[in-house]
Amino acid sequence: MQTTVPGKPVLRTPRAAGVAGIVFALLLAAAMVLIRLGIPEGAEAVTSVGFTDTTRRNAVHAALVLVPFAGILFLWFVGVVRTHVGEAEDRFVATVFIGSGLVFVATLFAAAAAADAVLVTVHTPGPPPALPAWDFGRHLAYTLMTGYAMRMAAVFACSLSVMGHRFGVLPRWLTLLGFLTALILAFVSSNAPWAELVFPAWALVVSVHILVVGDRPRPDPTAGA
């Protein structure tokens, strides 16, 4: 859908496209919760060698099914956001935005692969694996998700908030929420369990905002230049 202004057409975000971000946020949140429930951390993990709890195995299986679809929908979400920003985007910030989004998806998939390796390792026939093997896979999965994927998500949220603040394509409260989300993901998520859920929560809010205002005319960023 597009509207015209003097000189050139300006694209508007299709209202239905905002649904991609909402579904992404819900799928990612569900996958994160299932991983947390299925692969424990801390003292509880030591007693879980052998992964004999069927409920936990099923939780991880379900999360691994959801992650690829969440990644695909995240790419749609990136496209929706870029369409919403339109001509206002800054090339430097937009490059950081796209790059961090792609690295986030790649790292998220790597974390899912590590979780799958844990699942396969502890569910093989015969005696349960040694504690070091269990701990290695478990720590690798969580390090990729909370240490790397979430920091790329922080860069993603921060870069979008910068564009939203500079060009007025996002309301002030939403840009501030994006900066707060970036701070939590960058400095808190690796040490505070469940803190990574702020990213899908933020993405959900952004998607709902885009869905609501998608058909409203936005100010031309070149006006008055």
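With PHE179, PHE156 as the choices, which residue is under 14 Å from VAL85 (Cβ atoms), out of contact with any Lys or Arg (no Cβ under 8 Å at 6 or more places or on another chain), aromatic (Phe, Trp, Tyr) and part of a helix (DSSP H, G or I)?
None of the other options fit; the residue is PHE156.
Given the structure, is ALA203 in contact with a helix residue (DSSP H, G or I) (Cβ under 8 Å, 6 or more places away or on another chain) and either outside any helix (DSSP H, G or I) or not polar (S, T, N, Q) (or both)? Break it down stepwise before answering.
Details: in contact with a helix residue (DSSP H, G or I) (Cβ under 8 Å, 6 or more places away or on another chain): yes; either outside any helix (DSSP H, G or I) or not polar (S, T, N, Q) (or both): yes.
Answer is yes for this residue.
For MET32, which of the numbered conditions (1) hydrophobic (A, V, I, L, M, F, W, C); (2) in a helix (DSSP H, G or I); (3) at pLDDT below 70 fails to hold?
Of (1) hydrophobic (A, V, I, L, M, F, W, C); (2) in a helix (DSSP H, G or I); (3) at pLDDT below 70, only one is false for MET32: (3).
Search the stretch 143-173 for residues being surrounded by fewer than 19 Cβ atoms within 10 Å (Cβ to Cβ) and hydrophobic (A, V, I, L, M, F, W, C), and hand back the single one that is farthest from ALA114 (Cα to Cα).
Going residue by residue through the stretch 143-173, those that are surrounded by fewer than 19 Cβ atoms within 10 Å (Cβ to Cβ) are 143, 147-148, 165-168, 171-173.
Next cut, hydrophobic (A, V, I, L, M, F, W, C) only: 167, 173.
Details: PHE167: 40, TRP173: 37 Å.
Filtering the stretch 143-173 for residues that are surrounded by fewer than 19 Cβ atoms within 10 Å (Cβ to Cβ) and hydrophobic (A, V, I, L, M, F, W, C), the one farthest from ALA114 (Cα to Cα) comes out as PHE167.
Pairs needed: first member in the stretch 103-120, touching a residue at least 12 places away in the same chain (Cβ under 8 Å); second member anywhere, among the aromatic types (Phe, Trp, Tyr) and not in a helix (DSSP H, G or I); C-beta distance under 8 Å; at least 6 residues apart or different chains.
Qualifying pairs under 8 Å: VAL118/PHE51; LEU119/PHE51.
Filter the stretch 180-201 for residues that are under 22 Å from ASP90 (Cα atoms) and surrounded by 17 or more Cβ atoms within 10 Å (Cβ to Cβ) and give the result.
Matches in the stretch 180-201: THR181, ALA182.
Which one of ARG138, ARG166, ARG151 is modelled with pLDDT under 95, in contact with a helix residue (DSSP H, G or I) (Cβ under 7 Å, 6 or more places away or on another chain) and of a type in the set (Lys, Arg)?
ARG138
Going through PHE24, PHE92 one at a time, which residue ends up being surrounded by 14 or more Cβ atoms within 10 Å (Cβ to Cβ), aromatic (Phe, Trp, Tyr) and at pLDDT 85 or above?
Values: PHE92 fails: surrounded by 14 or more Cβ atoms within 10 Å (Cβ to Cβ).
Among PHE24, PHE92, only PHE24 is surrounded by 14 or more Cβ atoms within 10 Å (Cβ to Cβ), aromatic (Phe, Trp, Tyr) and at pLDDT 85 or above.
The values are calculated or read from the model by the stated rules, or taken from the named source; none is laboratory data. Just so you know, these numbers come straight off a predicted model, no measurement behind them. Every residue, glycine as well, gets a Cβ built from its backbone with ideal geometry; the counts of neighbours run over all protein chains shown.
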